[in-house]
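**Q** Sending over a structure as structure tokens; questions will come in a sec.
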Amino acid sequence: MIFAWEQKYSVNVREIDLQHKEVLESMHFIYDLIISKKPLSDLNKALDVLMHHSNAHFLTEENYFKEFNYGGAEEHIEAHNKLRKDLADFVEKIKKQDGAGIYKIFYDLIDFLENWLVDHLETLDKKYTKCFNEHGLH
């Protein structure tokens, strides 16, 4: 089971916390589809939603980095770009797989994202809280 949102993951910026929750909800939805052995078309639609939420969130953060001249922007954007590449690699694996193995790839994707998200929330995202709050984001 995927981790549940807790206040300890908050970056004290409502807009961004809501986006993090949307990404997490998308992950939960994909997990439920995997467990229920739903068709690949359902999984692909859910993956599109997850990727949409992730990209929208990254753009939000990156726009604020630029607007606020955030000092940790380069490191943070590198982490986003690495995840974008990793997601693209998973999508390629999904396109090449057929049969029951597809569920394993989706499960691996969710497992990877869960670990990535927890680490990202607890390390990199916490670093910008002070900057964002000082610029009036709460």
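Readers should treat all values here as calculations from the given coordinates under stated rules, not as data from a laboratory. If you're wondering where the values come from, they're calculated on a predicted model, not measured in any experiment. Cβ sites come from the backbone with ideal geometry, for glycine too, and all protein chains shown count toward neighbours.
**Q** Of the residues that sit in the range 77-111 and are assigned to a helix (DSSP H, G or I) and small (Gly, Ala, Ser), which one is farthest from residue 55 (Cα to Cα)?
**A** This residue is 101.
**Q** Looking at the range 70-81, can you tell me whether even one residue there is free of Cβ contacts under 8 Å to residues at least 12 places away in the same chain, closer than 20 Å to residue 119 by Cβ and among the aliphatic types (A, V, I, L, M)?
**A** Yes - at least one qualifying residue is present in the range 70-81.
**Q** So, of the residues in the range 14-38 that are assigned to a helix (DSSP H, G or I) and among the hydroxyl-bearing types (Ser, Thr, Tyr), which turns out to be nearest to the chain's Cα centre (by Cα)?
**A** Here the answer is 26.
**Q** Quick check on my filter: what residues within the range 84-101 are out of contact with any helix residue (DSSP H, G or I) (no Cβ under 6 Å at 6 or more places or on another chain) and either among the β-branched types (Val, Ile, Thr) or in contact (Cβ under 8 Å) with a residue 12 or more places away in the chain (or both)?
**A** Selection gives 84, 86, 87, 91.
**Q** Something else: What pairs come up if the first residue lies in the range 107-134 and is within 23 Å of residue 47 (Cβ to Cβ), the second is not in a helix (DSSP H, G or I), and their beta carbons are under 7 Å apart, counting only those six or more places apart or on different chains?
**A** What qualifies is 110/2; 114/2; 114/3; 118/3; 125/11.
**Q** Still on this model: Quick check: anything in the range 42-49 out of contact with any Pro (no Cβ under 7 Å at 6 or more places or on another chain), assigned to a loop (DSSP other than H, G, I, E, B), closer than 25 Å to residue 2 by Cα and of a type outside the set (Lys, Arg)?
**A** No, there is no match, as no residue in the range 42-49 is out of contact with any Pro (no Cβ under 7 Å at 6 or more places or on another chain), assigned to a loop (DSSP other than H, G, I, E, B), closer than 25 Å to residue 2 by Cα and of a type outside the set (Lys, Arg).
**Q** Scanning the range 1-13 for residues that are more than 16 Å from the chain's Cα centre (by Cα) and within 23 Å of residue 63 (Cα to Cα), which turns out surrounded by the fewest Cβ atoms within 10 Å (Cβ to Cβ)?
**A** 12
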